Amino acid sequence: MPLRRSFLACSFAVMLTATGNLSAQSGATRWTTPSPAEIDAIFPDVDALYVDLHRSPELGFQEIQTAAKLAARVKALGFDVTTGVGKTGVVAVLRNGPGPTVMLRTELDALPVEEKTGLPFASTVSVKNAAGQSTPVMHACGHDLHMAAWAGTARLMAENRTRWRGTLVMVGQPAEEGLGGARAMLTDGLFTRFPRPDFALSLHDDDTMPAGTIGYHPGLFRAMSDSVTITVYGRGGHGAMPHNTVDPIVLASRIVLSLQTIVSRENNPVDPVVITVGSIHGGTQANIIPDEVRLQLSVRTYTDEVRTRTFAAIRRIAKGEATAAGAPREPQVDTPARANPPVYNDPALTMRLAGALKKGLGESVVVDMPAKMTSEDFSEYGLAGVPSALLHIGAVDPSKLAAARQSGIPVPAPHSPEWAPEREPTLKGAIRAEVTALLELLQAP
């Protein structure tokens, strides 16, 4: 009997061990978010990539070295990699059995901005832009952070492929900053040459939330964007004899001020509009009144009706001011035929991801945020018929954000020469959020 009891006890222990191993394996398939330790393990490599990308930015459709760095990393992880998509884009595909196809996009390009962050790895790069003009370049919109997190996410997904099923498509998109990079990739066959995604995701850094906080917003989230050029014509002459001229600089200044009345007095306040004159070019020196001035505008709207009405008002005001100034000819107003469309976050997808993120990261870390007037050509993927969601991640030190709210002086924001995300908590939070979102959509059977 003692021997029989000993044998039964041994058998039961073996059964428990086997059951425990199966539970552990089963638990692995239910991996829903990476642990802090898993993020910490890859962070030094991700951080080094971020620093490298930050100090070596490239403008849209010039991202040759940037694309090569990302392509090499995902290729080493076992992805099938194609470069040169949409000129300088990267597409990396990891097939992992039957299941959904999910796309995660990052942007590659930087901005023509001179960096003033004071960081030890600040960009000192200057390049020729598309017009052949020399310009300083900086990752002033956080695309370096997006890319580094994207690379970290790719690594965790590749190293844990027993925990999910389906096809993961990692996209490095060129020229997001107003140059049509998303459209270029789609035109080059992103959704035909490669697996068409069931869902498309992206993540963007944000100056309004504490570092690591995830923001979501179902429905219309980011505005349409249009670049408008107004060329006003005067009659040039000597700066000491303005009475013999029609000064286009004064005329342009009047137009700048009058344009603001479109927003304040012509538009319904519940239909958002932003009109920004970002540049004025005219003249060569102080004592010469030029005969021409060019203004470049950024116009942000959410609907075609408001967009059309805003364009008509811009033309009317420019023409009216020119008539009042006695200009020799009407201004030329150039508007694009097609807007950069608004970002529409598929409501069902967005709320599904929000639920998974709250469960994985914590309720307090995932918040519903308001829509923004900034634009993003991530909208093109949704317009092409793929349910899409653009999430935001806070990138500001909480104490700095609190101080800014108390003083009323905002912190530096994307597109500012002083924009510097709080990189460690933001990078780690971005990776955890991206992996969690992908695992929600690529659930193992």
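The table for this structure:
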{"item": "Arg300 vs. criteria outside any strand (DSSP E or B) and among the charged types (D, E, K, R)", "result": "no"}
{"item": "Single residue of segment 322-334 satisfying the filter (under 37 Å from the mean Cα position of the chain (by Cα) and surrounded by 18 or more Cβ atoms within 10 Å (Cβ to Cβ)) that is farthest from Ser225 (Cα to Cα)", "result": "Pro331"}
{"item": "Filter pass, Met185 being part of a helix (DSSP H, G or I), crowded, with 23+ Cβ neighbours inside 10 Å and among the hydrophobic types (A, V, I, L, M, F, W, C)", "result": "yes"}
{"item": "Residues of segment 256-293 that turn out to be under 15 Å from Ile317 (Cα atoms) and of a type in the set (D, E, K, R), as a count", "result": "2"}
{"item": "Val366 being touching a helix residue (DSSP H, G or I) at 6+ places or on another chain (Cβ under 9 Å), under 22 Å from Arg432 (Cβ atoms) and of a type outside the set (D, E, K, R)", "result": "yes"}
{"item": "Residue match in segment 311-329 (condition: on the phi < 0 side of the Ramachandran plot, β-branched (Val, Ile, Thr), in the same structural domain as Cys141 (by TED's automatic domain parsing) and in contact with a strand residue (DSSP E or B) (Cβ under 9 Å, 6 or more places away or on another chain))", "result": "no"}
{"item": "Any hit, segment 189-206, residues being on the phi > 0 side of the Ramachandran plot, in contact (Cβ under 8 Å) with a residue 60 or more places away in the chain and in a loop (DSSP other than H, G, I, E, B)", "result": "yes"}
{"item": "Every residue from segment 382-418 that is in contact (Cβ under 8 Å) with a residue 60 or more places away in the chain, more than 28 Å from Gly178 (Cα to Cα) and aliphatic (A, V, I, L, M)", "result": "Leu401"}
{"item": "Strands (runs of 3 or more DSSP E) wholly inside segment 35-126 that include at least 1 residues being free of Cβ contacts under 8 Å to residues at least 24 places away in the same chain", "result": "80-85"}
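The values are calculated or read from the model by the stated rules, or taken from the named source; none is laboratory data. Worth saying up front: this structure is predicted, and the values here are computed from it rather than measured. As a convention, Cβ positions derive from the backbone with ideal geometry for all residues, glycine included, and neighbour counts pool all protein chains shown.
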